[in-house]
Amino acid sequence: MALPEYVMVVEIELDPAVVDDWNEWYDTVHLEEITACPGFERATRYTAPEPDEAGRLHHLTIYELSRGDALETPEFAAARGLGPFADDATPRTRLYRRHLVYEGSNG
């Protein structure tokens, strides 16, 4: 499988009181909405195994994109956001373009 040229990385700090509802919404509604947008190919979610010092949970989603302007489409503009969790989650989003692929000697 080829690595994508672009990825969008979304880091979320989340109130633990809503984590079950958040996971249900994100996994069954939001991921489908976002990956249906032009240029979005796949999404992979990660969660930190422990909360931070303030007790907030950290979630990371990496979206694989087939084109760099995927974040500029009207479909993405309509689908992005935190849905019913705007008061419970703090997002940080960044677009990255592949710089280098390095194969280690062990791999």
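When you restrict to C-alpha pairs under 8 Å that are six or more residues apart and normalise by the size of the chain, the relative contact order lands at 44 percent.
Only Lys, Arg, Asp and Glu carry charge here, each on its Cβ (+1 for the first two, -1 for the last two); on that basis the chain has a dipole of about 560 debye about its Cα centre. Each of F85, G104, G68 was scored by the projection of its Cα onto the charge dipole of segment 62-107, and the greatest displacement toward the positive side belongs to G104; charges sit on the C-beta of Lys, Arg, Asp and Glu. Label 7 Å along Cα→Cβ of A78; segment 1-41 residues with amide nitrogen under 14 Å? Residues 33-38 qualify, since their backbone N sits under 14 Å from the label point. For T90 and S66, a Förster radius of 25 Å and the Cβ-Cβ distance give a FRET efficiency of 0.30, rounded to the nearest 0.05.
Taking N as the residue count of the chain, its C-alpha radius of gyration divided by 2.2 N^0.38 Å amounts to 1.16.
Laboratory data are not the source of any read-out in this text; all were calculated from the coordinates shown. All figures in this text were calculated on a predicted structure; none of them were measured in a lab. In this analysis, Cβ positions are derived from the backbone assuming ideal geometry, glycine residues included, and neighbour counts consider all displayed protein chains.
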